[in-house]
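So the structure is just underneath, and the comments pick up after that.
The values are calculated or read from the model by the stated rules, or taken from the named source; none is laboratory data. Fair warning: this is a prediction, and the values are worked out from it, not measured in the lab. Here the Cβ is made from the backbone with ideal geometry for all residues, glycine too, and neighbour counts use every protein chain on show.
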Amino acid sequence: MTSPLIKGNAVIAQSGGPTAVINQSIVGVVEGLRGPDEIGKIFGSRHGVRGLIEDNLVDLSAIDQTTLDRVANTPSAALGSTRDKPDADYCARILEACQKHDIRYFFYTGGNDSSDTCRIVNELSNEASYELRCFHVPKTIDNDLVENDHTPGFPSAARYTGLMFMGDQLDNRAIPGIKINVVMGRHAGFLTAASALMRDRSNEDGPHLIYIPETAFDLDAFVTDVERIYTSLGRCQIAISEGVQDASGESIGARLIKGEADAHGNAQLSGSGALGDQLATLLKEKLTPKGGKAPRVRADTLGYPQRCYPDASPVDQAEARISGRRAAEAARSGDIDGSIAIQRASDNPYQPKFVRVPLEAVAAKTRYLPEEHKQGDNDVSDAFVEWLKPLVGPLPEIGRL
């Protein structure tokens, strides 16, 4: 729906895990809002929507372009973020704060929960006959938003993951053994799949095994898989998502991590090395010959560095900025709500397109790694790597002897 531009202020907030490019999005919103007399102050809400209800706001309107550009190129969330998951009562308080500050334009950068917050606030404002233009600007390293080819934050995290696995597999090739790397991703396996970004199958590069949440994880099959690769190559590099689950849907990590939960009631999978450590112990037990020596097994959890490593993909930076601008332009042009989605216009050459989709089409929904990007129970396809490569920016060349 569209309606004429209305007078009032705007607010921008960030939610969920920080990324290498989320600040590009908020700067894009600021740039897209500047100009028309009808839009007054542009507020930044500290620590997500919590800043709105606590009157913890900063005026972004007069910040000079040099500072904005510097902020845009800085990783993490410049306004601060939150893990709050607002329900209807919380969203009612958000609406009250918007009314108090004469806010008519509400922009929320984040993932699934943030889009749902936008949806609820939008519905409440409609019920109250208070015109509030609510726009969700996508952000998630998990790449799990429906309607999107990919989301801002994911390409940079995928770049980090791919480069880290290449460096680690060169280490594994130099000093052979079994290496387990646990990657972020509770429900979707895109980031774990990115471990294959720089793999050269002809040189038997790792990762040799890739386990994602979308495929049931079986401990016995896991041991058999590793034994097969290790027997053949004398080494094995493994990428495994923190969110892998068994055939019944039970999280393997949650089974091993007792008593720790985040604000949403989920086990804190990224804050513990339990999954990697337990799997390493299992492999040592199962693969040690009777009376023989245990194989060399090591495990690392990539954890939070995946989110904000200061080597962002230039494609990701540009698209995050455009996403913010497009949200602001949509609000200014008369659209009253929506989420900005990045879709793929073409593959060769790669070209994105930015479209407004209804909030309800994105809110609280999860996108999964498509079947054509999987390969069996423990790998990803070459088609996935070709899909990913245009997003991550220039990659180093690997020399071999």
Item to check | Lone unmet requirement of (1) within 23 Å of residue 305 (Cα to Cα); (2) buried (at least 22 other Cβ atoms within 10 Å of the Cβ); (3) not acidic (Asp, Glu) for residue 71 | outcome: (2)
Next on the checklist: I want to confirm something. Restricting to segment 80-95 and keeping residues that are touching a residue at least 40 places away in the same chain (Cβ under 8 Å) and more than 18 Å from the chain's Cα centre (by Cα), which single residue is farthest from residue 20 (Cα to Cα)?
Outcome noted: 93
Checklist outcome for this item: Flagged in segment 185-206 as surrounded by fewer than 15 Cβ atoms within 10 Å (Cβ to Cβ) and not in a loop (DSSP other than H, G, I, E, B), in numbering order, are 201, 202, 203
Checklist entry - Can you tell me which residues in segment 339-382 are of a type in the set (A, V, I, L, M, F, W, C) and more than 21 Å from the chain's Cα centre (by Cα)? => result 345
Checklist entry - Considering 215, 231, which residue is of a type in the set (S, T, N, Q), on the phi < 0 side of the Ramachandran plot and in a loop (DSSP other than H, G, I, E, B)? => result 215
Checklist outcome for this item: Picked from segment 97-151 (must be in contact with a Lys or Arg (Cβ under 7 Å, 6 or more places away or on another chain) and charged (D, E, K, R)), the residue nearest to residue 329 (Cα to Cα) is 133
Next on the checklist: For segment 19-31, give me the residue count where each residue is in a helix (DSSP H, G or I) and surrounded by 23 or more Cβ atoms within 10 Å (Cβ to Cβ).
Outcome noted: 9
Checklist entry - helices (runs of 4 or more DSSP H) wholly in segment 66-184 with at least 2 residues that are polar (S, T, N, Q) - which ones? => result 112-127, 154-174
Item to check | Filter pass, residue 5 being surrounded by fewer than 21 Cβ atoms within 10 Å (Cβ to Cβ) and either not assigned by TED's automatic domain parsing to the domain that holds residue 130 or not small (Gly, Ala, Ser) (or both) | outcome: yes
Item to check | Residue among 363, 331, 299, 341 that is of a type in the set (A, V, I, L, M), modelled with pLDDT of 95 or more and over 27 Å from residue 275 (Cα atoms) | outcome: 341
Item to check | Candidates 29, 58, 11, filtered to the one that is farther than 14 Å from residue 331 by Cβ, in contact (Cβ under 8 Å) with a residue 12 or more places away in the chain and of a type in the set (A, V, I, L, M, F, W, C) | outcome: 58
Checklist outcome for this item: If you go through 116, 102, 171, the only one that is at pLDDT below 95, surrounded by fewer than 24 Cβ atoms within 10 Å (Cβ to Cβ) and of a type in the set (D, E, K, R) is 116
Checklist entry - Right, residue 126: closer than 25 Å to residue 302 by Cβ and surrounded by fewer than 21 Cβ atoms within 10 Å (Cβ to Cβ) or not? => result no
Checklist entry - Listed residues 367, 356, 325, 332; which is in contact with an Asp or Glu (Cβ under 8 Å, 6 or more places away or on another chain), farther than 20 Å from residue 194 by Cα, not small (Gly, Ala, Ser) and not in a strand (DSSP E or B)? => result 325
Checklist entry - If you go through segment 284-322, how many residues are part of a helix (DSSP H, G or I), under 24 Å from residue 180 (Cα atoms) and touching a residue at least 40 places away in the same chain (Cβ under 8 Å)? => result 6
